[in-house]
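Okay, structure first, notes after.
Here, each number is a calculation from the coordinates, and none is a lab measurement. Every value quoted in this text rests on a predicted model; they were computed, and no experiment measured them. Virtual Cβ from ideal backbone geometry, glycine too; neighbours counted across all protein chains shown.
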Amino acid sequence: MKSTSVFALFLLLSLAPLTGAGYNDRDNTLVRFKGGIGVDPVSNVTVSGTTTTVSPNTVRGVTPPGQIWRIGDLTATVNVDGRIRLSGRGLLLAGGNGIGTNGGQSVFATLFCGPANSATASSSSSTGVPLEADGDFAINDTLSPTPPNPCATPVLLIQTTGGTHPWFAAGIPD
């Protein structure tokens, strides 16, 4: 009986990697993000004599909004099939007359894979999800088109559904 139990345990342990491979969330993960950065719309200011030049904080071709935004926290997981699960907290205006509010905005996520000048962009539904009064939001969607695997130099932007879809926050790769 004892040798049968040992054999059964050996068999179970030897088959475990085969049955679990590719089926759990961790194995299917393309990229993860933990933490977020709110947008500062100005990237650079240069002064030459009487001329002041302000450069917008454009990321991967996506322009910033006209006002500063802050985000308290962001976590996101993107699977190889394009499935995204994202949770954001405290995405609020950090300046102007609407400071401390959500500005009545709805947002969606865009993942960029590849170098800045030739990145592939994959987005959740551009109809977006509304920000709660405290700036919290969740996105549970599938990116389109499916991001490339592997996703080199990933950049995750949270964009508004309004206007030209400026970015409000970025995820920090984990």
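Here the residues I37, I68, I158, ranked from fewest to most Cβ neighbours within 10 Å of their Cβ, fall in the order I37, I68, I158. Just want the answer: with Cβ charges of +1 for Lys and Arg and -1 for Asp and Glu, which residue in F33, T52, L93 is farthest toward the dipole's positive end in the chain? It is F33, whose Cα lies furthest towards the positive end. Taking Cα centre as origin and charging only the Cβ of basic (Lys, Arg, +1) and acidic (Asp, Glu, -1) residues, the dipole magnitude of segment 61-174 rounds to 160 debye.
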